[in-house]
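**Q** After the structure tokens below, expect a handful of questions from me.
Derivation of every value follows stated rules applied to the coordinates shown; laboratory data play no part. Just so it is clear, the structure is predicted and the values come from calculations on it, not from any experiment. Cβ atoms come from the backbone with ideal geometry, glycine included; neighbour counts cover every protein chain shown.
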Amino acid sequence: MTGENVKHTKLDSQKGAARRTDEYARTEGGAIMRSAKIILCILSILGVCPPPQQVSSQTPAQSKRIVIAASSVLDGKGRVLHNTRIVIEGSKIVAIDQKAGPVDYDLRGLTVLPGWIDAHVHITWSFGKDGKNAGGGGTTQEAAYQAASNAWVTLMAGFTTVQSVGSPIDVPLCDAIAKGLLPGPRILTAVEPLQGRGEQTGTPDEIRAYVRKQKEAGADLIKIFASGGMTRGGMTLSQNN
């Protein structure tokens with residue numbers, strides 16, 4: 001085979017690969033992207049990001065009526081509804097009506113359920129370069145990227161609310177999601193936990209002051225270590241505190 005023939009063969013091969021890639025993008029890849037867009041649209045419709053209070057009542061998103069058709073719907077009250085439609089106005093589900101129309105999103109063949117809630121996460125924690133848990137450490141830039149990534153994959157896994165129990169860097173991530181700057185679940189954070197340290201924990205008044213400080217910093221809940229935590233064990237916060 002001559003050098004010229006080799007070049008033609010490579011070019012033909014590359015063109016064929018490009019055609020196959022393009023065909024995939026139009027078929028399977030395109031279907032995946034369309035599905036992802038539908039999921040994102042639905043999450044946006046339901047007010048996951050930003051939450052309802054952050055959107056003006058005068059905006060089109062709040063006044064628009066959306067109808068979703070689904071084969072199965074878990075209503076959050078223990079029932080499974082079949083072949084029905086979900087009616088959404090603004091950021092709220094206002095009705096489940098089999099005859100509602102016109103249908104904006106056809107999800108027949110799929111099951112629709114309320115967003116999940118995870119009551120114990122550390123959404124700003126990540127793994128280090130050695131593959132081990134690095135906690136909330138790392139450089140500021142790395143921590144920011146990893147936290148944003150954690151929020152995204154958590155939302156895409158179906159969790160629309162999480163309770164992150166103890167990290168000051170939860171707060172800027174929570175605020176960014178609430179303002180619609182980043183996609184992610186609603187975050188309830190403890191900011192910094194109350195670490196029991198025996199007598200060094202402080203007097204009842206000092207503990208109250210610590211709790212108020214966390215609330216002012218944006219805490220939605222208070223995490224208490226009444227023992228050493230993890231594998232350390234031993235009571236470090238008594239009922240007298």
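**Q** Short version: ³J(HN,Hα) in whole Hz for each residue of the stretch 211-224, in order, from phi by Karplus 6.51 cos²θ - 1.76 cosθ + 1.60 (θ = phi - 60°), x for Gly and Pro, what are they?
**A** 5, 4, 4, 5, 4, 5, 7, x, 5, 9, 8, 10, 8, 10
**Q** I need the shape label for the stretch 68-200. Rule: rounded when a/c is under 1.5, else prolate if a/b > b/c, else oblate, with a, b, c from the alpha carbon gyration tensor. Kindly include the intermediate steps, with their values, before the conclusion.
**A** Working: a/c = 2.72, a/b = 2.26, b/c = 1.21.
Judged from the Cα gyration tensor, the stretch 68-200 comes out prolate (a/c at least 1.5, a/b above b/c).
**Q** Does the stretch 155-215 come out rounded, prolate or oblate by the C-alpha gyration tensor, with a ≥ b ≥ c the root eigenvalues, rounded set by a/c under 1.5 and, if not, prolate when a/b is larger than b/c and oblate if not? Can you show the working numbers first?
**A** On the way: a/c = 3.94, a/b = 2.59, b/c = 1.52.
Here the stretch 155-215 falls in the prolate category.
**Q** Would you please give the residues with an amide H less than 5 Å from that of Thr160, counting only those at least 5 places away or on a separate chain, with H modeled from the backbone geometry?
**A** Trp116
**Q** A further question follows. Give me the distance in nm between label points sitting 7 Å out from Cα along the Cα-to-Cβ direction at Arg79 and Ile96, one decimal.
**A** About 0.5 nm, to one decimal.
**Q** To the nearest 0.05, what FRET efficiency results for Ile117 and Gln239 with a Förster distance of 30 Å applied to their C-beta separation? Each step should come with its number before you reach the end.
**A** Values: r = 30 Å, r/R0 = 0.99.
It comes to 0.50.
**Q** What FRET efficiency do you get for Leu110 and Tyr145 if R0 is 41 Å and r is their Cβ-Cβ distance, rounded to the nearest 0.05? Please report the intermediate quantities before stating the final value.
**A** Details: r = 32 Å, r/R0 = 0.78.
Efficiency, from the Cβ-Cβ distance: 0.80.
**Q** Near the amide H of Thr84, under 5 Å away, which other amide H atoms are found, from residues 5 or more places off or on another chain, if H is placed in the peptide plane?
**A** Distant-sequence amide H within range of Thr84: Ala70.
**Q** Compute the distance in nm between two label points, each set 7 Å from the Cα along the Cα-to-Cβ direction, one at Ile224 and one at Glu199.
**A** With each label point 7 Å from Cα toward Cβ, the separation is 2.2 nm.
**Q** Just order 183-190, 108-115, 155-162 by mean Cβ neighbour count inside 10 Å, highest at the front, would you? Present the calculation step by step, with values, prior to reporting the outcome.
**A** Details: 183-190: 22.9, 108-115: 13.4, 155-162: 17.8.
Order by mean packing, descending: 183-190, 155-162, 108-115.
**Q** Which pairs in the list Lys77/Lys99; Lys179/Lys215; Lys64/Lys99; Lys92/Lys179; Lys129/Lys179 are over 24 Å apart, alpha-carbon to alpha-carbon? Working shown, then result.
**A** Details: Lys77/Lys99 21 Å; Lys179/Lys215 20 Å; Lys64/Lys99 18 Å; Lys92/Lys179 18 Å; Lys129/Lys179 31 Å.
Flagged as over cut-off: Lys129/Lys179.
**Q** Shifting gears a bit: From the square roots a ≥ b ≥ c of the eigenvalues of the alpha-carbon gyration tensor of the stretch 183-236, which class results: rounded (a/c under 1.5), prolate (a/b over b/c), or oblate?
**A** On the way: a/c = 4.21, a/b = 1.41, b/c = 3.00.
Oblate shape, in that a/c is at least 1.5 and b/c is the bigger or equal ratio.
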